[in-house]
Structure formats: structure tokens, C-alpha cells
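Before any comments, here is the structure.
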């Protein structure tokens, strides 16, 4: 395997790991459930995205790369649905978010 | 009927990608399953513009790269907020107009909002999406409507 590709792939994997850690730290630091969802979405997007991209560089032009691509698309379509489901169910159960500003005019 | 045929082809390609073993038996069962599922989808009336939106292919090629770039930018932004010891968040709840007409484009817009770190679509009320943003700036960026216009373009090129 080419040395440049090798380093590119490990840079992507390390970067993905870094963003997963950042997301986990964010989950612990944020004050309420809504803001925690924002931290979690870093893991879903940059964390998973960079790790899968790094693995794709590792496997080169093979079927495995195509399968990894399918996994990436699957995560990108389903993870926002899960975040949205959590946020919507909190709203419907009247969980009040910690807000600095409310522009909806509900005074909630 | 063209949509059913294209659905069968997409399913067959999906089968071949996941399988990787190209023996006569496995390819034959793949063809049979793909055709059976496509016919079943046709009978169930889900092989339509919404269930198999192949007409969005070309505009997705321009919309997705732009979305990925937005995701990277805002993920880095949220990363800076999390790493910052003073945690400079200003959570904001706001309503954003959505100007798309079809359900597919509306779902794309709401999904794009949630996929972008820093904003989450909480609820849909008529023509508006209720959005929770992690900072005032994130909320204002979304209210400016750049993503809304992109999604309407995405829909308009159908």
C-alpha cells in the first residue's frame, strides 16, 4: 500500500476518533437534553464520516469500499431521524429546554 | 412501469454489492428476489415518485456535496464550543419558513437541519419548522434561508 494513502487513512481514522471523543465530552458538559443532542450529532456526522472514509482509503477500490459507502449513506439518513424523534417526543411531553432566547413567541 | 424496472435494477445492484460471491445460484436468486420485490412494491403502490425518487439523482449530485461542506463547517463550530472551557452556548428556539411543496423535499430540508450539528428540527407546524439551535448565530443563519433556497432548488429541478 502506498505510504501517502497509508498516512491519509490513519489521519482520517485518528480525526474521526478525535471527533467521537469531542462528542462524548460535549454530551457530558451540556446543560440539558436538547443541547446534548447537538453534541451527539458531531459523532453521527464527522466522527462516523471520517472513520468510514479512513476505512475506505484502507480497502481501496474493492467491494468493501462500496459496502462502507452504503453504511455511510444509511447513517446519514437515519441518525437525523433518531435525533428528531427524541427532540419531538420531548416537546410533546412538555420538557422545557434551557433557553437563552425564545423567538417563537410562546413564552415557554 | 419504467420506475418498477429501475427499482429492480437498483435492488439487483444492491444484492450484488452486498453478496460478493458471483456463482450462478446466488446471482439467479438475486434476480428472482429483485424482480419479486419490485413487483410487490408495484402491487403495493409504493414504487412511485416518493418511494423510488430516482428523478432526484442529478440534483442530489449538487445538493449533497454542498450539504457535506455545511456539515463539516458547523461540526467544527460546535467542536470549538465544546472544547472552549467557558462553554459559550446560547440555546435558541425559533421558527423557520419552509417553501418546499413536495413531502420529499420537506423531509430533505428537515433532515438537513438536524444533520447539521448545531440545529435540530423539533416539530413541523403547517409551513414552519420549529428549530432548536445551540447558539443565536446558528438560529440566525438558518433564518436567513440559504438552506431553504437550496432545498427548493433541489426540488425544482425535478
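May I ask you to list the residues in segment A:26-59 that are more than 18 Å from residue B:68 (Cα to Cα) and in contact (Cβ under 8 Å) with a residue 12 or more places away in the chain? Give the derivation first.
Step one: list which residues in segment A:26-59 are more than 18 Å from residue B:68 (Cα to Cα), which gives A:26-37, A:55, A:57-59.
The answer is A:26, A:27, A:31, A:32, A:33, A:34, A:35, A:37, A:55, A:57, A:58.
Can residue A:74 be described as in a helix (DSSP H, G or I), out of contact with any strand residue (DSSP E or B) (no Cβ under 9 Å at 6 or more places or on another chain) and under 22 Å from residue A:21 (Cβ atoms)?
No: the conditions fail for residue A:74.
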Subset tally (residues that are facing chain A (nearest Cβ under 8 Å) and touching a helix residue (DSSP H, G or I) at 6+ places or on another chain (Cβ under 7 Å)) for segment B:84-109
6
Just to check your reading of the model, which residue among B:39, B:11, B:16 is touching a helix residue (DSSP H, G or I) at 6+ places or on another chain (Cβ under 6 Å), at pLDDT 90 or above and not assigned by TED's automatic domain parsing to the domain that holds residue B:116?
B:11
Conditions (1) touching a strand residue (DSSP E or B) at 6+ places or on another chain (Cβ under 8 Å); (2) in contact (Cβ under 8 Å) with a residue 12 or more places away in the chain; (3) under 24 Å from residue A:22 (Cβ atoms); number of the one not met by residue B:106:
(3)
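The values are calculated or read from the model by the stated rules, or taken from the named source; none is laboratory data. None of the values given here were measured: they were computed from a predicted structure. Cβ sites come from the backbone with ideal geometry, for glycine too, and all protein chains shown count toward neighbours.
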